[in-house]
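Down below is the structure, laid out as structure tokens.
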Amino acid sequence: METNKSLPIAIIGAGPVGLAAAAHLKVRNLPFLLFEAGATVASNILSWRHIRVFSPWRYNIDKAARQLLSNTAWQSPDDEALPTGEELYNEYFKPLAELPSLKSNIIFGAKVLSIGRKNVDKMKTWGRESLPYVVQALRENEIEQYYVKGVIDASGTWNSPNPIGSGGVYALGEVENHNRIFYGIPDILNQHEIRYRNKSVLVVGSGHSAINAILELDKLKEKYPGTEIHWAVRKNNISDVYGGQENDALAARGALGIKIEELIINDRVSVYTSFHIQQLINQENKLTIVGFQGDQRLALPGIDEIISNTGSRPDFSFLSEVRLNIDTSLESVAELADLIDPNIHSCGTVRPHGEKELRQPDKNFYIVGSKSYGRAPTFLMATGYEQVRSIVAALAGDMEAARNVELDLPETGVCSVDLNSTAACCGNEVKPKIQVMKRANAGACC
Ligand SMILES: Cc1cc2nc3c(=O)[nH]c(=O)nc-3n(C[C@H](O)[C@H](O)[C@H](O)COP(=O)(O)OP(=O)(O)OC[C@H]3O[C@@H](n4cnc5c(N)ncnc54)[C@H](O)[C@@H]3O)c2cc1C
């Protein structure tokens, strides 16, 4: 009879972090199965394949993955170059997934629908720890069932975008006008050019994705001057969106803030701050966006298209039979909430964390990657690589390696602080350098 010990570890999602988990499990010689809903690995990154990321290659490749690839004819990309999403896929994720030792354990087109403990529901405690997990995945219209020893949920948040309605719920008329809203990052200059040229486009959101969309719309406007760019943000002050600019340790990330400020100074974009969207009204094929700016009602007529970049949220629907400890507001792994809560600070750097912080009440169950941050938007791939390195070490019984967490992350150059908080990070101090922090001497967040 197969014992629990010999069962594989299930990884949910073959994004950068799920793939890194697979690489670490391979290096540790632990069996695994990697379930991927899409037809390829890194399918979420491929949805914005045309965008150049802001962290150079040296942060984007996991150490165990590099070790496995180094034993092949793989050419390591230039450490300092900035890849596009497509280059990440072609030069790293694809060759990694094609390694025979990984490939044979990846199940594509397998969307995990539910996970529970074999024969016991969430309420039952006695004997629970020794029971395998049951993973059910939908594949080619059939539900397949697998028994596994533990689960690493790396399913991300990208597939559950937030609505544009200001309260986190759909604005009235949002669902009815879905065909006019792009949730994500359209390829404005190529694939989706026809959709946006000479149109009046509203971008909603204040993160890097929104900035990318606006910069591309501005290039489109140079070619098609009839293109109008509107930008709605909930923030009170647009300068809060500019980020660390010259002080960002990732020059490309800082450059986004510098470029967007230029566009605004030159009146290339109409900006609506403190805009809380309530309703979309479609009249004669033009949308009027209705909301509030403080106490004032604001109506923005004549919009053809909306690009929604309001962030995303984790999907817990398939985890209802698993005992989880999730932060009630961020929906992050509970232990991480104080490190990443944008209500407290906006540091791009987080205190090192690993298996101990990511452990869930149900043994051998972990939520990692961008999903571990819940709704907080500051996740970097390098953080996830360190998370899974530590978790896999623990699963292999190497608790010393699991505890010895190091995080090597570039800082944003912005570390704003909630002055009421004792968990303050580094104030407005600027540290444009790379920090390596060990658990033993890690401060609050910077
Ligand atoms: C425009 C842009 C630029 C960025 N630039 C940078 C950068 O410069 N540096 C950086 O570090 N990060 C950057 N990021 C962030 C980075 O891309 C994400 O943090 C990273 O993709 C998260 O990886 P993940 O593996 O946690 O999740 P994802 O990449 O979202 O992967 C999750 C995977 O899980 C699969 N999945 C989901 N649900 C299920 C299910 N139920 N069953 C099976 N499979 C499932 C999905 O299909 C997907 O393949 C950027 C993001 C964007 C949008």
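The values are calculated or read from the model by the stated rules, or taken from the named source; none is laboratory data. Here the structure is a predicted model, which is why all the values come from computation and not from measurement. Neighbour counts run over all protein chains shown; Cβ positions are idealised from the backbone, glycine included. For accessibility, only protein heavy atoms count, side chains too; no ligands or nucleic acids. Shrake-Rupley method; radii C 1.70, N 1.55, O 1.52, S 1.80 Å.
Quick notes
- Residues that are more than 16 Å from the ligand (Cβ to nearest atom) and open to solvent by 30 Å² or more (accessible area, probe 1.4 Å) were ranked within the stretch 103-119; the one that is nearest to Tyr147 (Cα to Cα) is Lys118.
- Residue within the stretch 90-101 that is away from the ligand (no atom under 16 Å from the Cβ) and crowded, with 16+ Cβ neighbours inside 10 Å present: yes
- Flag for Val392 being out of contact with any strand residue (DSSP E or B) (no Cβ under 7 Å at 6 or more places or on another chain), crowded, with 20+ Cβ neighbours inside 10 Å and closer than 26 Å to Gly116 by Cα: yes
- Any hit, the stretch 372-381, residues being at pLDDT 95 or above, open to solvent by 10 Å² or more (accessible area, probe 1.4 Å), aromatic (Phe, Trp, Tyr) and within 20 Å of the chain's Cα centre (by Cα): no
- Inspection of the stretch 330-342 identifies at least one residue that is modelled with pLDDT of 95 or more and among the hydroxyl-bearing types (Ser, Thr, Tyr).
- Number of positions in the stretch 62-79 that are in contact with a helix residue (DSSP H, G or I) (Cβ under 7 Å, 6 or more places away or on another chain), open to solvent by 90 Å² or more (accessible area, probe 1.4 Å) and more than 20 Å from Gly384 (Cα to Cα): 1
- Of all residues in the stretch 369-397, those that are outside any helix (DSSP H, G or I) have Cβ atoms under 7 Å from Cβ atoms of residues that are hydrophobic (A, V, I, L, M, F, W, C), 6 or more apart or on another chain, in Gly374/Leu330; Arg375/Leu330; Ala376/Leu330; Ala376/Ile340; Thr378/Ile340; Leu380/Leu409; Ala396/Leu30.
- Whichever residue in the stretch 26-56 is open to solvent by 40 Å² or more (accessible area, probe 1.4 Å), assigned to a loop (DSSP other than H, G, I, E, B) and near the ligand (Cβ under 7 Å from one of its atoms) and, among such residues, is nearest to Ile107 (Cα to Cα): Ala37
- The residue of the stretch 398-420 that is modelled with the highest pLDDT, among those that are away from the ligand (no atom under 15 Å from the Cβ), in a loop (DSSP other than H, G, I, E, B) and not hydrophobic (A, V, I, L, M, F, W, C), is Asp398.
- Members of the stretch 272-294 found to be open to solvent by 50 Å² or more (accessible area, probe 1.4 Å) and in a strand (DSSP E or B), listed by number: His276, Gln278, Gln279, Ile281, Asn282, Gln283, Lys286, Phe292, Gln293
Yes/no per residue for (1) over 24 Å from the mean Cα position of the chain (by Cα); (2) within 16 Å of the ligand (Cβ to nearest atom); (3) open to solvent by 50 Å² or more (accessible area, probe 1.4 Å):
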site: Tyr133; (1), (2), (3): yes, yes, no
site: Asn141; (1), (2), (3): yes, yes, yes
site: Thr157; (1), (2), (3): no, yes, no
site: Pro163; (1), (2), (3): no, no, no
site: Tyr170; (1), (2), (3): no, no, yes
site: Gly173; (1), (2), (3): yes, no, no
site: Phe182; (1), (2), (3): no, yes, no
site: Ile194; (1), (2), (3): yes, no, yes
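- Some residue of the stretch 375-383 being over 30 Å from Trp126 (Cβ atoms) and more than 12 Å from the ligand (Cβ to nearest atom): yes
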